Amino acid sequence: MNFISLLQIYGAAPSTHCASIRYPASALSSPPQSTATSQQLGRCAQFQFLTLNAAPSFQNLFRGIFRSPIEIPWRLDPAHLQQFALALNSYRRANSPASQQQILQFIFEFPLREEGWHLQLDQVSSREASPERTAIQALRDHHAKCTGIAYVYAALLTAAGYNPQFAWRSQNISGEVIEHLYLSVQFSSGERYVFDPLFYGVALHHATFSEAITTISPREVLAWHYNNEAIDLVNQSRRGEALQLFRIALDLDPLNPHIRRNLEQQ
(Lines give C-alpha, C1' and ligand atoms only; values in the text may rest on other atoms or scores of the structure.)
Protein backbone atom coordinates (compact mmCIF):
# COMPACT_ATOMS: atom_id res chain seq x y z
CA MET A 1 0.00 0.00 0.00
CA ASN A 2 1.44 3.40 -1.01
CA PHE A 3 1.25 6.76 0.74
CA ILE A 4 -1.55 8.03 -1.50
CA SER A 5 -3.73 5.06 -0.56
CA LEU A 6 -3.07 5.68 3.11
CA LEU A 7 -4.00 9.34 2.73
CA GLN A 8 -7.23 8.35 1.02
CA ILE A 9 -8.05 6.00 3.89
CA TYR A 10 -7.58 8.64 6.58
CA GLY A 11 -8.34 11.87 4.75
CA ALA A 12 -7.91 15.00 6.86
CA ALA A 13 -9.02 13.48 10.16
CA PRO A 14 -8.52 10.16 11.96
CA SER A 15 -11.08 7.41 11.60
CA THR A 16 -13.30 6.84 14.63
CA HIS A 17 -13.36 3.11 13.76
CA CYS A 18 -9.94 2.73 15.39
CA ALA A 19 -11.25 2.59 18.95
CA SER A 20 -10.57 -0.43 21.15
CA ILE A 21 -11.93 0.95 24.41
CA ARG A 22 -15.64 1.70 24.68
CA TYR A 23 -16.23 4.74 26.87
CA PRO A 24 -19.59 5.25 28.60
CA ALA A 25 -21.12 8.56 27.61
CA SER A 26 -20.76 9.90 31.14
CA ALA A 27 -17.44 8.24 32.02
CA LEU A 28 -15.46 10.16 34.63
CA SER A 29 -13.04 7.45 35.71
CA SER A 30 -10.57 5.11 34.05
CA PRO A 31 -11.79 3.31 30.90
CA PRO A 32 -13.58 0.03 31.60
CA GLN A 33 -12.08 -3.30 30.66
CA SER A 34 -12.97 -4.42 27.16
CA THR A 35 -11.23 -6.47 24.51
CA ALA A 36 -10.75 -5.27 20.95
CA THR A 37 -12.11 -7.54 18.23
CA SER A 38 -9.91 -8.71 15.37
CA GLN A 39 -12.04 -6.56 13.05
CA GLN A 40 -11.32 -3.45 15.09
CA LEU A 41 -7.61 -4.19 15.17
CA GLY A 42 -7.63 -4.84 11.44
CA ARG A 43 -9.10 -1.42 10.78
CA CYS A 44 -6.21 0.05 12.76
CA ALA A 45 -3.50 -1.80 10.85
CA GLN A 46 -2.55 1.09 8.58
CA PHE A 47 -2.66 3.55 11.46
CA GLN A 48 -0.39 1.34 13.54
CA PHE A 49 1.99 1.01 10.58
CA LEU A 50 2.21 4.78 10.32
CA THR A 51 2.61 5.56 13.99
CA LEU A 52 4.96 2.77 15.02
CA ASN A 53 7.42 3.23 12.15
CA ALA A 54 10.37 5.27 13.39
CA ALA A 55 11.42 6.73 10.03
CA PRO A 56 11.12 10.56 9.91
CA SER A 57 9.32 10.39 6.55
CA PHE A 58 6.48 8.45 8.14
CA GLN A 59 6.24 10.98 10.94
CA ASN A 60 6.06 13.83 8.43
CA LEU A 61 3.21 12.01 6.67
CA PHE A 62 1.48 11.42 9.99
CA ARG A 63 1.68 15.13 10.84
CA GLY A 64 0.25 15.94 7.42
CA ILE A 65 -2.70 13.59 7.89
CA PHE A 66 -3.73 15.12 11.19
CA ARG A 67 -2.73 18.69 10.28
CA SER A 68 -1.11 19.15 13.69
CA PRO A 69 2.52 19.39 14.87
CA ILE A 70 2.30 15.91 16.36
CA GLU A 71 5.44 14.08 17.43
CA ILE A 72 5.28 10.35 18.04
CA PRO A 73 6.15 9.75 21.72
CA TRP A 74 7.44 6.22 21.08
CA ARG A 75 10.15 7.36 18.63
CA LEU A 76 13.79 6.92 19.65
CA ASP A 77 16.78 8.79 18.25
CA PRO A 78 19.16 6.94 15.86
CA ALA A 79 21.97 6.74 18.44
CA HIS A 80 19.85 4.81 20.94
CA LEU A 81 18.41 2.57 18.22
CA GLN A 82 21.92 1.77 16.95
CA GLN A 83 23.12 0.96 20.47
CA PHE A 84 20.16 -1.37 20.94
CA ALA A 85 20.67 -3.04 17.54
CA LEU A 86 24.33 -3.75 18.31
CA ALA A 87 23.45 -5.20 21.72
CA LEU A 88 20.65 -7.35 20.30
CA ASN A 89 22.80 -8.68 17.45
CA SER A 90 25.57 -9.49 19.92
CA TYR A 91 23.10 -11.37 22.12
CA ARG A 92 21.76 -13.35 19.17
CA ARG A 93 25.26 -14.38 18.08
CA ALA A 94 26.27 -15.39 21.60
CA ASN A 95 23.06 -17.35 22.23
CA SER A 96 22.34 -18.90 18.84
CA PRO A 97 19.83 -20.35 18.36
CA ALA A 98 17.86 -18.22 20.83
CA SER A 99 14.14 -18.80 21.25
CA GLN A 100 11.60 -16.02 20.74
CA GLN A 101 10.98 -15.93 24.49
CA GLN A 102 14.72 -15.53 25.18
CA ILE A 103 14.99 -12.67 22.69
CA LEU A 104 11.92 -10.95 24.16
CA GLN A 105 13.37 -11.37 27.65
CA PHE A 106 16.58 -9.69 26.48
CA ILE A 107 14.59 -6.78 25.00
CA PHE A 108 12.57 -6.54 28.22
CA GLU A 109 15.68 -6.34 30.40
CA PHE A 110 17.90 -4.20 28.14
CA PRO A 111 16.59 -0.70 28.97
CA LEU A 112 16.33 -1.56 32.69
CA ARG A 113 19.86 -2.91 33.19
CA GLU A 114 22.75 -0.73 34.32
CA GLU A 115 24.79 -1.93 31.33
CA GLY A 116 21.84 -0.92 29.15
CA TRP A 117 20.11 2.40 29.87
CA HIS A 118 19.31 1.96 33.59
CA LEU A 119 15.74 3.11 33.04
CA GLN A 120 13.68 3.18 36.23
CA LEU A 121 9.93 3.16 36.73
CA ASP A 122 8.53 6.08 38.73
CA GLN A 123 6.46 4.88 41.66
CA VAL A 124 4.94 8.28 42.46
CA SER A 125 1.38 8.99 41.39
CA SER A 126 1.32 12.80 41.24
CA ARG A 127 1.71 14.45 37.86
CA GLU A 128 3.79 17.26 39.37
CA ALA A 129 6.40 14.78 40.63
CA SER A 130 6.41 12.69 37.45
CA PRO A 131 5.15 14.47 34.32
CA GLU A 132 4.43 12.83 30.97
CA ARG A 133 7.59 11.79 29.12
CA THR A 134 8.26 10.58 25.59
CA ALA A 135 10.62 7.66 25.00
CA ILE A 136 13.48 10.06 24.28
CA GLN A 137 12.78 12.06 27.46
CA ALA A 138 12.52 8.88 29.53
CA LEU A 139 15.98 7.76 28.43
CA ARG A 140 17.38 11.25 28.93
CA ASP A 141 16.10 11.36 32.53
CA HIS A 142 16.62 7.61 33.18
CA HIS A 143 13.13 7.32 34.67
CA ALA A 144 9.50 7.62 33.67
CA LYS A 145 5.96 6.55 34.55
CA CYS A 146 4.30 3.61 32.85
CA THR A 147 3.59 5.59 29.68
CA GLY A 148 7.23 6.54 29.10
CA ILE A 149 8.35 2.96 29.79
CA ALA A 150 5.75 1.63 27.33
CA TYR A 151 6.93 4.09 24.66
CA VAL A 152 10.51 2.86 25.02
CA TYR A 153 9.42 -0.76 24.65
CA ALA A 154 7.26 0.09 21.63
CA ALA A 155 10.30 1.58 19.89
CA LEU A 156 12.58 -1.34 20.76
CA LEU A 157 10.12 -4.07 19.82
CA THR A 158 9.37 -2.37 16.51
CA ALA A 159 13.08 -1.98 15.76
CA ALA A 160 13.54 -5.70 16.51
CA GLY A 161 10.86 -6.63 13.97
CA TYR A 162 7.93 -7.32 16.29
CA ASN A 163 4.44 -5.86 16.16
CA PRO A 164 3.75 -4.62 19.70
CA GLN A 165 0.30 -3.69 20.91
CA PHE A 166 -0.43 -1.14 23.60
CA ALA A 167 -2.56 -2.50 26.42
CA TRP A 168 -4.49 -0.92 29.27
CA ARG A 169 -5.14 -1.83 32.89
CA SER A 170 -7.98 -0.09 34.72
CA GLN A 171 -7.59 -2.00 38.00
CA ASN A 172 -4.66 -3.08 40.14
CA ILE A 173 -4.38 -6.38 42.01
CA SER A 174 -6.44 -4.95 44.88
CA GLY A 175 -9.24 -3.89 42.53
CA GLU A 176 -8.49 -0.18 42.87
CA VAL A 177 -9.07 2.02 39.82
CA ILE A 178 -5.85 2.92 38.02
CA GLU A 179 -4.77 4.22 34.60
CA HIS A 180 -1.90 2.02 33.49
CA LEU A 181 -0.34 1.53 30.04
CA TYR A 182 1.87 -1.41 29.06
CA LEU A 183 2.91 -3.46 26.01
CA SER A 184 2.05 -6.91 24.74
CA VAL A 185 3.33 -9.03 21.87
CA GLN A 186 1.23 -11.79 20.33
CA PHE A 187 2.37 -14.45 17.87
CA SER A 188 0.30 -16.26 15.25
CA SER A 189 0.34 -19.31 17.53
CA GLY A 190 -1.67 -17.31 20.07
CA GLU A 191 1.23 -16.99 22.52
CA ARG A 192 1.32 -13.60 24.23
CA TYR A 193 4.05 -11.89 26.22
CA VAL A 194 3.57 -8.86 28.44
CA PHE A 195 6.05 -6.02 28.94
CA ASP A 196 4.97 -4.55 32.26
CA PRO A 197 7.71 -3.92 34.87
CA LEU A 198 5.19 -2.38 37.29
CA PHE A 199 3.18 -5.60 37.65
CA TYR A 200 5.85 -8.23 36.92
CA GLY A 201 9.19 -6.66 37.89
CA VAL A 202 12.11 -7.65 35.67
CA ALA A 203 10.45 -10.87 34.47
CA LEU A 204 8.85 -11.12 31.05
CA HIS A 205 5.30 -12.32 31.62
CA HIS A 206 4.00 -15.19 29.48
CA ALA A 207 0.26 -14.54 29.40
CA THR A 208 -2.14 -17.48 29.59
CA PHE A 209 -4.83 -17.92 26.94
CA SER A 210 -7.52 -17.12 29.49
CA GLU A 211 -5.83 -13.92 30.67
CA ALA A 212 -7.75 -10.83 29.55
CA ILE A 213 -5.67 -8.17 27.81
CA THR A 214 -7.36 -4.94 26.79
CA THR A 215 -5.55 -3.63 23.75
CA ILE A 216 -5.68 0.07 23.02
CA SER A 217 -5.01 1.53 19.58
CA PRO A 218 -2.02 3.81 18.91
CA ARG A 219 -4.44 6.64 18.13
CA GLU A 220 -6.01 6.37 21.59
CA VAL A 221 -2.56 6.23 23.18
CA LEU A 222 -1.55 9.40 21.34
CA ALA A 223 -4.71 11.12 22.55
CA TRP A 224 -3.97 10.17 26.16
CA HIS A 225 -0.35 11.32 25.72
CA TYR A 226 -1.36 14.80 24.59
CA ASN A 227 -4.09 14.96 27.23
CA ASN A 228 -1.47 14.17 29.89
CA GLU A 229 0.96 16.73 28.51
CA ALA A 230 -1.82 19.31 28.56
CA ILE A 231 -2.56 18.53 32.22
CA ASP A 232 1.14 19.04 32.98
CA LEU A 233 0.94 22.47 31.33
CA VAL A 234 -2.17 23.36 33.35
CA ASN A 235 -0.25 22.50 36.51
CA GLN A 236 2.43 24.95 35.34
CA SER A 237 -0.21 27.67 34.75
CA ARG A 238 0.41 27.52 30.97
CA ARG A 239 -3.26 27.27 30.00
CA GLY A 240 -2.91 28.67 26.50
CA GLU A 241 -0.47 25.93 25.50
CA ALA A 242 -2.57 23.37 27.36
CA LEU A 243 -5.67 24.28 25.36
CA GLN A 244 -3.83 23.60 22.12
CA LEU A 245 -2.78 20.14 23.29
CA PHE A 246 -6.25 19.31 24.64
CA ARG A 247 -7.68 20.15 21.20
CA ILE A 248 -5.10 17.94 19.47
CA ALA A 249 -5.96 15.13 21.90
CA LEU A 250 -9.68 15.49 21.24
CA ASP A 251 -9.09 15.55 17.46
CA LEU A 252 -7.23 12.26 17.83
CA ASP A 253 -9.92 10.63 19.96
CA PRO A 254 -13.24 12.51 19.84
CA LEU A 255 -14.97 9.65 21.70
CA ASN A 256 -12.83 10.02 24.84
CA PRO A 257 -15.02 11.73 27.47
CA HIS A 258 -12.08 12.38 29.81
CA ILE A 259 -10.33 14.56 27.24
CA ARG A 260 -13.54 16.38 26.35
CA ARG A 261 -14.23 17.10 30.02
CA ASN A 262 -10.67 18.38 30.55
CA LEU A 263 -10.99 20.72 27.57
CA GLU A 264 -14.38 22.05 28.69
CA GLN A 265 -13.02 22.81 32.17
CA GLN A 266 -10.36 25.16 30.86
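The values are calculated or read from the model by the stated rules, or taken from the named source; none is laboratory data. All values derive from a computational prediction rather than experimental measurement. Cβ: placed from backbone, ideal geometry, glycine included. Neighbour counts: every protein chain shown. Accessible surface areas use protein heavy atoms only, side chains included; no ligands, DNA or RNA. Shrake-Rupley method; radii C 1.70, N 1.55, O 1.52, S 1.80 Å.
Based on alpha carbons, the Rg and Dmax found for the range 136-266 are 16.0, 50 Å.
Residues Thr134, Thr208, sorted by accessible area with the largest first, give Thr208, Thr134 [1.4 Å probe; ligands and nucleic acids excluded].
Subtracting the Cα-Cα distance of Ser237 and Gln265 from 0.36 nm times their residue separation leaves 8.7 nm of extension gain.
Applying 1/(1 + (r/R0)^6) with r as the Cβ-Cβ distance of Gln137 and Arg247 and R0 = 30 angstrom yields a FRET efficiency of 0.85. Pull up all non-local amide H partners of Phe195: gap of 5 or more, or a different chain, and H-to-H distance under 5 Å with H placed in the peptide plane. Excluding prolines and chain starts, which carry no amide H, the hits are Leu183, Ser184, Val185. Between Gln171 and Ile178, the built amide H atoms are under 5 Å apart, and every one of these is 5 or more places off in sequence or on another chain.
A simple rule links phi to the HN-Hα coupling: the Karplus curve 6.51 cos²θ - 1.76 cosθ + 1.60 with θ = phi - 60°, which for the range 200-206 gives 10, x, 9, 9, 5, 9, 8 Hz, with x for Gly and Pro. With each label modelled as a point 7 angstrom along the Cα→C-beta vector, the Ala79-Ile178 pair spans 3.3 nm. Once backbone amide H atoms are built at 1.01 Å from N, Leu119 has Leu112, Arg113 as its partners under 5 Å, excluding neighbours fewer than 5 places away on the same chain. Taking the average, over residues, of other Cβ atoms within 10 Å as the packing measure, peptides 110-120, 153-163 rank 153-163, 110-120 from highest down. Phi angles of the range 251-261 translate, via the Karplus equation with coefficients 6.51, -1.76, 1.60 and θ = phi - 60°, into HN-Hα couplings of 4, 5, 9, x, 8, 7, x, 5, 5, 4, 4 Hz per residue; Gly and Pro are given as x. The length gained on full extension between Glu191 and Asn95, counted as 0.36 nm times the residue separation minus their Cα-Cα distance, comes to 32.4 nm. Note: relative contact order over the range 144-266, using C-alpha pairs below 8 Å and six or more positions apart, is 17 percent.
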